[in-house]
1. So how many residues does segment 31-45 have that are part of a helix (DSSP H, G or I) and either at pLDDT 95 or above or surrounded by fewer than 10 Cβ atoms within 10 Å (Cβ to Cβ) (or both)?
2. Picking from TRP29, TRP7, which residue would you name as being touching a residue at least 40 places away in the same chain (Cβ under 8 Å) and not polar (S, T, N, Q)?
Amino acid sequence: MKKYKRWKRFYMILMIMFAILIPVELMLWLAGSESFPFASIGIAATLYAYRRHHLQQMESHMT
């Protein structure tokens, strides 16, 4: 159970970081100072899917 809570907290911190980073990168792209943030958006989408799968797997092993 402790492992599950630690992983959940870790993923939450990463998701919050990307929730802040992506809008900033989009604003910079709209301002014309940077290119479109394909990498950040791709990493955030992949992280969400991986987090969901990983936590579901941990839940199934706990029961």
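1. Residues flagged as part of a helix (DSSP H, G or I) and either at pLDDT 95 or above or surrounded by fewer than 10 Cβ atoms within 10 Å (Cβ to Cβ) (or both) within segment 31-45 amount to 2.
2. On the way: TRP29 fails: touching a residue at least 40 places away in the same chain (Cβ under 8 Å).
Only one candidate qualifies: TRP7.
The values are calculated or read from the model by the stated rules, or taken from the named source; none is laboratory data. No experiment lies behind these values; they were computed from the predicted model shown. Here the Cβ is made from the backbone with ideal geometry for all residues, glycine too, and neighbour counts use every protein chain on show.
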